[in-house]
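Below is one structure, written out as structure tokens, with a few remarks after it.
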Amino acid sequence: MSVLGPGWTALFYLVAAVCFILALKGLSSPRTARRGNAIGAAGALVAVVTVFLSAKLENIPLIVAAIAVGSAVAVPVARRVQMTQMPQLVALFNGVGGGAAALVAVLELGHSEDPWVRLAVVFTMLVGAVSFAGSAVTVGKLQELISTRPLVFPGMPVVMGVVVLGAVAAGGIVVATGSTGWAVALMVLGLAAGLLLVLPVGGADVPIVISLLNAFTGLAVAASGIVLGNVLLLVAGTLVGASGTILTKVMASAMGRGVAGIMFGAFRGGSTAGSTEQSDRPVRSSSPEDVAVQLGYAQRVVIVPGYGLAVAQGQHTIAELAIALAARGVEVVFAIHPVAGRMPGHMNVLLAEANVPYEALKELEEANPEFPNTDVALIVGANDVVNPAAKSTPGAPIYGMPILEVAQAGQVVFLKRSMRPGFAGIENELLFDPKTTLLFGDAKDSLTRVLGAVKAL
């Protein structure tokens, strides 16, 4: 028996939908992201409770048990995950969402003979399966369980074409007959398509693929709303699909590349593969004391944080260093590249943890004009986002990507663990520039020693 009538159900669905929209608005800025996340969670709670009170549910104990098991797994994982592993967590949850939508669609296949509903079922199964398999591969690549380099084999485009054609044929049969056997075949083909779609992607392009698969999951969920006759699922899935699509385009633009080139570049021989070997060319290395002198007697310092800072958990130390330099009268700002780290906003969240004021964070367009007036550019655990090859080397995996113009600063200091190339796998010529010095070591350890030396000046 339903507790809520259609009118109240529609009202609470509207409240949940508004919460989702406000959540997206809040998540667009580091200042309001925490509030936006809370609003989104509240909207999800309203939606779940409304479903329980408005629908004639069967197997309630099994539903509650499934929710309990999922919560018992997801809550500790989300609380314990390191900031550096956040892209993997996003990809994992995204893939699970796509897989769940596909399974629900299979179960609903026998409940309607309407060809339009069956078409929505086919779309949900295919896109959800692609998202699930593709997300699993991205998690493996980011976690380095499988190679981060593009994985291709001879005839791969042909195999991909056969799989796509097979999926279209299987989908047509499912729409015409409602066959469960062909639906399972469609899901298998969808899983194969997801693997073949993401395996050739490598290097710095993986975060963009995560965003694209997130959009796929949103579209699958929206289609499942049609299958289940649930308006809120349709609205929420559309919001996720639209926002994921916009984010994918913004990230691709930030890297100066097209989405099609990222997804199918390896098929055409323009892969993002790069070397993983360390260069043995001579560089000018420095000591923590020398770096402290460069920083302590500068008038303006721009810090460029990267993934290496996140791995070392050096955000609090670098915040202390900025405070120590400011106490000496040095102007210190942080230059944030749109794809610094492994996902948009990664560095903003990391520095916010260390209470670095938002006013000190400069986006790429704001930071670049200031580099000619900067005495020292301090790059901590970043590489590709300052690599001049993006402007000077046609054919380089990152060619065309806007970079932070740190080479225009008076002096450049890199804090690096080794001479290993960045995620894109290409050498950075700036490391060998006469005005560049390098301090090797773990980012947090190096920053601690530089901080001590600055305080001793």
Is it the case that Gly400 is on the phi > 0 side of the Ramachandran plot and crowded, with 22+ Cβ neighbours inside 10 Å? no
Note down all Cβ pairs under 9 Å where the first residue falls in the range 432-457 and is among the hydrophobic types (A, V, I, L, M, F, W, C), the second is in a loop (DSSP other than H, G, I, E, B) and open to solvent by less than 10 Å² (accessible area, probe 1.4 Å), and they're at least six residues apart or on different chains. Ala443/Gly306; Ala443/Gly314; Leu447/Gly314
List pairs: first residue in the range 317-341 and closer than 27 Å to Met251 by Cα, second residue of a type in the set (S, T, N, Q) and buried (at least 18 other Cβ atoms within 10 Å of the Cβ) anywhere in the structure, Cβ distance under 7 angstrom, at least six positions apart or on different chains. Ile336/Asn348
Has the range 234-253 got at least one residue that is more than 23 Å from Ala105 (Cβ to Cβ), open to solvent by 50 Å² or more (accessible area, probe 1.4 Å) and small (Gly, Ala, Ser)? yes
Residues of the range 14-50 being free of Cβ contacts under 8 Å to residues at least 60 places away in the same chain, surrounded by 14 or more Cβ atoms within 10 Å (Cβ to Cβ) and not in a helix (DSSP H, G or I), which ones? Leu27, Thr32
Look at Val209 and say whether it is β-branched (Val, Ile, Thr), at pLDDT 90 or above and not in a loop (DSSP other than H, G, I, E, B). no
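Taking the conditions exactly as written (at pLDDT below 85, out of contact with any Leu (no Cβ under 6 Å at 6 or more places or on another chain) and in a loop (DSSP other than H, G, I, E, B)), does Gly329 satisfy them or not? Walk me through how you get there before you give the answer.
Numbers: at pLDDT below 85: no; out of contact with any Leu (no Cβ under 6 Å at 6 or more places or on another chain): yes; in a loop (DSSP other than H, G, I, E, B): yes.
Judged against the criteria, Gly329 is not a match.
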Within the range 409-457, restricting attention to residues that are under 17 Å from Pro282 (Cβ atoms) and among the aromatic types (Phe, Trp, Tyr), which residue is nearest to the chain's Cα centre (by Cα)? Phe414
Given Leu239, Leu233, which one is touching a Gly at 6+ places or on another chain (Cβ under 9 Å), in a helix (DSSP H, G or I) and under 26 Å from Gly258 (Cβ atoms)? Leu239
Output for the range 136-157, where each listed residue is open to solvent by 10 Å² or more (accessible area, probe 1.4 Å) and hydroxyl-bearing (Ser, Thr, Tyr): Ser147, Thr148
Is there a residue in the range 346-360 that is touching a strand residue (DSSP E or B) at 6+ places or on another chain (Cβ under 6 Å) and in contact (Cβ under 8 Å) with a residue 60 or more places away in the chain? no
Where in the range 333-414 are there helices (runs of 4 or more DSSP H), lying wholly inside it, with at least 1 residues that are within 17 Å of Leu431 (Cα to Cα)? 389-392
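For (1) aromatic (Phe, Trp, Tyr); (2) closer than 15 Å to Gly128 by Cα; (3) at pLDDT below 90; (4) open to solvent by 30 Å² or more (accessible area, probe 1.4 Å), each residue gets a yes or a no:
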| residue | (1), (2), (3), (4) |
| --- | --- |
| Ala170 | no, no, no, no |
| Leu189 | no, yes, no, yes |
| Leu197 | no, yes, yes, no |
| Val201 | no, no, yes, no |
Among (1) surrounded by fewer than 24 Cβ atoms within 10 Å (Cβ to Cβ); (2) among the β-branched types (Val, Ile, Thr); (3) more than 23 Å from the chain's Cα centre (by Cα), Val406 falls short only on (1)
Among Phe432, Phe440, which is the only one that is touching a strand residue (DSSP E or B) at 6+ places or on another chain (Cβ under 9 Å) and not aliphatic (A, V, I, L, M)? Phe440
Would it be correct to say that Leu151 is within 25 Å of the chain's Cα centre (by Cα), assigned to a helix (DSSP H, G or I) and not β-branched (Val, Ile, Thr)? no
Residues in the range 372-381: is at least one closer than 18 Å to Gln299 by Cα and either surrounded by fewer than 17 Cβ atoms within 10 Å (Cβ to Cβ) or of a type in the set (Phe, Trp, Tyr) (or both)? yes
Here is a list of conditions, (1) buried (at least 18 other Cβ atoms within 10 Å of the Cβ); (2) in a helix (DSSP H, G or I), and Ile426 meets all of them except one; can you say which number that is? (2)
Single condition Val349 does not satisfy, out of (1) touching a Leu at 6+ places or on another chain (Cβ under 6 Å); (2) open to solvent by 60 Å² or more (accessible area, probe 1.4 Å): (1)
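The values are calculated or read from the model by the stated rules, or taken from the named source; none is laboratory data. Keep in mind it's a predicted model, so treat the numbers as computed, not measured. So basically every Cβ, Gly included, is an ideal-geometry build from the backbone, and we count neighbours across all protein chains shown. SASA here: full protein model, heavy atoms, side chains in, ligands and nucleic acids out. Shrake-Rupley method; radii C 1.70, N 1.55, O 1.52, S 1.80 Å.
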